Amino acid sequence: MDIRSLKGVGDKTAALFEKLHIFTAEELVYYFPRDYEQFSEPVALDQAPEEELTAVAGQVVGNVATRHVRGLSITTFQAACEGGTLHMTYFNMPYLKNSLKRGVPYIFRGRLQRRKDRYVMEQARIYKPEEYGKLVDCMQPRYSTTKGLTNNAITKAVRQAVALTDFSEDPLPEKIRKKQGFMGLREAVEQMHFPAGRDALVEARRRLVFDEFFQFILVLRRLRDANEQVENDHPMIEVAQTGRLIEALPYRLTAAQQRVWAEIQADMTSAYAMNRLVQGDVGSGKTILAFLALLLCTANGRQGAMMAPTEVLARQHYESLLALKKQYHLQINPVLLTGSVTAKDRRDIYARIESGEADIILGTHALIQEKVVYHDLALVITDEQHRFGVRQRESLAGKGGFSPQGGKTVHVLVMSATPIPRTLAIILYGDLHISVLDELPADRLPIKNCVVDTSYRNTAYKFVEKEVAQGRQVYVICPMVEEGESDELEDVGTYTKKLKSALPDVIRVASLHGRMRPAEKTRIMEAFEAHDIDVLVSTTVIEVGINVPNATVMLVENAERFGLAQLHQLRGRVGRGDKQSYCIFISKSKRPETMERLKILNESNDGFYIASKDLALRGPGDLFGIRQSGDLRFVLGDIYQDAAILQQASDWADEILAEDRELSGEEYSALRKSLMRREINEVDFRSI
C-alpha cells in the first residue's frame, strides 16, 4: 500500500516520509525505532549520573525569574531536591513563571550537568508526580525523523501500518521458530515498535535479527554453490610485467602483501575462476594488489574492471593508475566511467570498451548499466564490498557472460577495509575465499588518539584551528543529519553553524551527508580533496570513498553512540600522508564503562584487534544505545553484538539446504516468496 493510504498522511507528509526512503506502508512497518525513551524512578541529586538523562524530584524555592537577552527569553529558578539544590534554566518558555508553584512537588527530567559545584539542568521536562508515575518502566519508541516530521506523527502512522499489515504467512519455518523459541512475526514487529518491557523487546529483536541473517545467508549459500569450482574460461599465465612493477616500486611489499598477491596470482592462473575477498585494514596496501591483478589480466590480452563506491574514489584510483602507467611505462589503456561523464564522452568510452581498446575500466555502479558491452571481460574487482552487495557484484560479473546456469566465467576479487573477525567473515562472505592483509607498511606513522568529554571541546577547536593554520584539513563527524532527529545527539546542520561561529572566518567549513543529491556529494568531496574546504562536517558517509592525505584530524562527536569497529573505519580517513595525524573522540557520557570502551581505540590502531574487542564488549545492554557498525547494512542486525545469532542462522541455513536444496517443500513456500520479494543486501545508492 502507498503510504498515502494511511489516515493523516497526505501528499505533504508523504513527501517527508520519502526523505526517509519510506514509500509504502510495509516499508514503514520495518522502519524500526533507533532507540526508546525509558522513564526510570527519580534519584537523589547527589546520586544522579552527570551528562545523562535523569529524573529528580523537587520543589520550586524562591522566585521564578525571566529576563530577555537579544530577543531570547531566559527563565531561571531553583529547586530543592534530595541531595542538593538544582539550578534550572529554560529558553523561550516565559509562561513557566505563572504555571510553576512554590512548595508543590514536581519531577524534573533532563540532562544533569555540574558547573562549578552547582547542579544544572537546561530545558528539562516537568511532570506532576502522579503523571510521571504512570510512565515509569514504559518504553516509548523514538524514530529517526526529518525536519517537519515529528516522532509523534511517525508513531501514529506506524500503529496504523502494523494494524493493516497481513502477517499470516511467516517466512521463518515453524520448526526453527519452535526450536529457537521465537515469537511470531506480528508479535515481534509489534514489540519492536511498542515493547511491553525490555525483555519483550530483546526477544522481538532476537527474532527479527535472526530473520535478516538467515535470509541473507541462504542467498549466499546458494550463490556459493553456483560459483564453487567453476571452470576458468579465461585461462591466464604468469607474466613478467607484474614482477617488474613490484621490483620498480619505491617501497617493498610487506610479507602479507606478498602472500596475498601469490594467492591472487595462483587463482587467476589456475583451472578455476577466482572468487576471493582481500580483507585488510586501511593503509595495508590493497589497492596496489588490485592494480597488479589488473596488470596480469591485461598482459594476458583480457579486460579488467574495478568498481568503487563513490565517484571521487573511482577517479582517485584512475589517476593513481595513470601515474603508474606514466612512471613505469605500463602497457595499459585505462578509462574512467562514472555517472557524471558527459553523454558524448560516455559514447566514446562505450565504443572503446566494446572494441577492446580500453583494457582497464574504472568506475562506479555505472559499470553495470545495460549499455556497457565488454569486449573480453575476465576480471572484476569491487572496492568496499559491503557497499555493493551480492547482486551488484554478480551483475558486474555477468558482464563477462557469467551466469550460475552456465556461460563464460569471470574472476572476482573483492576488497574490504572492514575488519571482520575471520569466523564471521567465513559466514558473511560464504561465497568467497578469504585473504587477510594483517600487516601495515613499516614507515606509516601511527595515529595519535584521545578520548575526552564535552568539556574538552573548546580545546579541540583550538587544535583544529592550529592544524588548519599549518595547511592541514579536518573531518568532523556527527551521528545525525539535521536538527530534530534527536535532542541528545549532534547533527551536521546545527554543528556546521556552531563551528563556523567558533572558528575564525578564514577557515572554510562545509557539510556533507547522505541525504544530499549524489552530484552535490561528489562536488563537496572533490572540493575537500582540492583543499577548497578546510573543515568538513559530515555523517559517516565519508567512512569510505575519499582519500585525502592532507587531512590530519578526525574529530568525532557523540563517540559513545558508534561501534568501535566503525570508529576505527572513520579514523582510517586520516593518517594517509606523511604528517602526524590525530583522532579526537568526544563522548557526552561520563560513565566509566563507556570511557573504558572507547579507550580501546587508544590501545591499538589494529582494526582486527579492535573488532575482536568490539565483539567481546557489545552485549545485550548496548543493543539500542550504539549505532550499527555499518557493515553490510543490515536493518537491525549487527555482526559484532549479534555474532551468536549470526552463527545460529548460519547453522540453520546449512541444515535446511542440506534437507531441501531448492526449498521446494510446502513448509518453505512463505520463505521462497520472501527471498524472491526482498532483494537481499541490495544497496540503495542514494544512501552512499
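The values are calculated or read from the model by the stated rules, or taken from the named source; none is laboratory data. Computed from a prediction, not measured in an experiment: that's the story for all the values here. We place every Cβ from the backbone using ideal geometry, glycine too, and count neighbours over all the protein chains shown.
Quick look at the values:
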item	result
Output for the stretch 489-515, where each listed residue is out of contact with any Leu (no Cβ under 8 Å at 6 or more places or on another chain), without any contact (Cβ under 8 Å) to a residue 60 or more places away in the chain and under 23 Å from residue 143 (Cβ atoms)	491, 493, 494, 513
Scan of the stretch 131-184 for residues that are surrounded by 15 or more Cβ atoms within 10 Å (Cβ to Cβ), over 29 Å from the mean Cα position of the chain (by Cα) and within 25 Å of residue 489 (Cβ to Cβ), ordered by number	132, 135
Among the candidates 90, 106, 119, residue that is of a type in the set (Phe, Trp, Tyr), closer than 17 Å to residue 590 by Cβ and surrounded by 12 or more Cβ atoms within 10 Å (Cβ to Cβ)	119
Unmet criterion (only one of (1) under 18 Å from residue 53 (Cβ atoms); (2) basic (Lys, Arg); (3) modelled with pLDDT under 90) for residue 147	(1)
Conditions (1) more than 23 Å from residue 607 (Cβ to Cβ); (2) crowded, with 24+ Cβ neighbours inside 10 Å; (3) touching a helix residue (DSSP H, G or I) at 6+ places or on another chain (Cβ under 7 Å); (4) aliphatic (A, V, I, L, M); number of the one not met by residue 308	(1)
Qualifying residue in the stretch 277-284 (condition: of a type in the set (Gly, Ala, Ser), assigned by TED's automatic domain parsing to the domain that holds residue 422, modelled with pLDDT under 85 and not in a helix (DSSP H, G or I))	yes
Residue 627 vs. criteria part of a loop (DSSP other than H, G, I, E, B), modelled with pLDDT under 50 and of a type in the set (Lys, Arg)	yes
Residues that are touching a residue at least 60 places away in the same chain (Cβ under 8 Å) and in a helix (DSSP H, G or I), drawn from the stretch 260-274	260, 263, 264, 267, 268
Close pairs from the stretch 98-115: first over 21 Å from residue 46 (Cα atoms), partner aromatic (Phe, Trp, Tyr), Cβ under 8 Å, at least 6 apart	100/77; 100/106
Matching entry among 4, 109 (being in a helix (DSSP H, G or I), in contact with a helix residue (DSSP H, G or I) (Cβ under 8 Å, 6 or more places away or on another chain) and of a type outside the set (A, V, I, L, M, F, W, C))	4
Residue check for residue 302: surrounded by fewer than 23 Cβ atoms within 10 Å (Cβ to Cβ) and more than 30 Å from residue 419 (Cα to Cα)	no
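Quick grid of which residues meet (1) in the same structural domain as residue 591 (by TED's automatic domain parsing); (2) more than 41 Å from the chain's Cα centre (by Cα); (3) within 25 Å of residue 49 (Cα to Cα); (4) not polar (S, T, N, Q):
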site	(1), (2), (3), (4)
75	no, no, yes, no
91	no, no, yes, yes
94	no, yes, no, yes
105	no, yes, yes, yes
109	no, no, yes, yes
128	no, no, yes, yes
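For (1) crowded, with 22+ Cβ neighbours inside 10 Å; (2) in a helix (DSSP H, G or I); (3) among the basic types (Lys, Arg), each residue gets a yes or a no:
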position	(1), (2), (3)
296	yes, yes, no
324	no, yes, no
331	no, no, no
347	no, yes, yes
354	no, yes, no
373	no, no, no
378	yes, no, no
